[in-house]
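First the structure, in the form of structure tokens, and then the observations on it.
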Amino acid sequence: MTQLSETTQFVPVDKHNIHLILPLAEKIWEDTYLEIIGQEQIDYMLPMMYSNERILDELTKDYQWELLMQGDELLGYMNYKLMEDNRVFLSKLYSDVYRKIKGLGVYMFEHVLEYARQNGATAVYLTVNKNNQRAIDFYKRNGMKCIESKTFDIGQGYVMDDYIYQIEL
């Protein structure tokens, strides 16, 4: 297992680096969600959630999209927003599943918590698939608690069957 280096940094997503997200998302989603939701739902959701148009639109609506880079290598990406209820919604926190770097997920999660604190948020919350045990275990280890269970209709007969986890600040 390698370590994070001094060259590791968070880089805001813009039109010059946006193209890096979808290829990593495809790799991560195949590894993480294939057994949970199947290839057809992955094929439906990825373009819906990761199109350049969608990401650029979210950037105009105060969503923070960031890449975690180590030199020229993409290690992961995040998407989060300070909501009107003064909580931060952590929409996406994904790291490259094939790069085993000690502390990578915690490093990314702490970055979002720091953003929330700096912006006076009262909590950070997220949705996580009920069958994504690896992510659930990660969030529990990092102080989050399940506060709700919800099923979201995302169209074409597909749903997201999720828990909502939250950490108070």
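The values are calculated or read from the model by the stated rules, or taken from the named source; none is laboratory data. None of these values were measured; they are calculated from a predicted model. Every residue, glycine as well, gets a Cβ built from its backbone with ideal geometry; the counts of neighbours run over all protein chains shown. The protein model used for the area step is the full one, side chains on, heavy atoms only, and it has no ligands, DNA or RNA in it. Shrake-Rupley method; radii C 1.70, N 1.55, O 1.52, S 1.80 Å.
Results, tabulated for the structure shown:
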| read-out | value |
| --- | --- |
| Entries of 15/102; 81/102; 27/61; 27/102; 61/150 with Cα pairs more than 22 Å apart | 15/102; 81/102; 27/61; 61/150 |
| Dipole axis of the chain (+1 Lys, Arg; -1 Asp, Glu on Cβ), positive-most option in 160, 133, 17 | 133 |
| With every protein chain in place, the chain: carbon and sulfur % of accessible area (1.4 Å) | 48 |
| Karplus-derived HN-Hα couplings along the range 159-169 (A = 6.51, B = -1.76, C = 1.60, θ = phi - 60°), whole Hz, x at Gly and Pro | 10, 10, 9, 10, 9, 10, 10, 8, 10, 7, 10 |
| The chain, accessible area per residue, ligands and nucleic acids excluded (1.4 Å, Å²) | 55 |
| The chain - charge dipole about Cα centre, Lys and Arg +1 at Cβ, Asp and Glu -1, debye rounded to 20 | 500 |
| Peptides 121-134, 39-52 ordered by average Cβ neighbours within 10 Å, highest first | 121-134, 39-52 |
| Protein-only accessible surface order, largest first, of 36, 28 at 1.4 Å | 36, 28 |
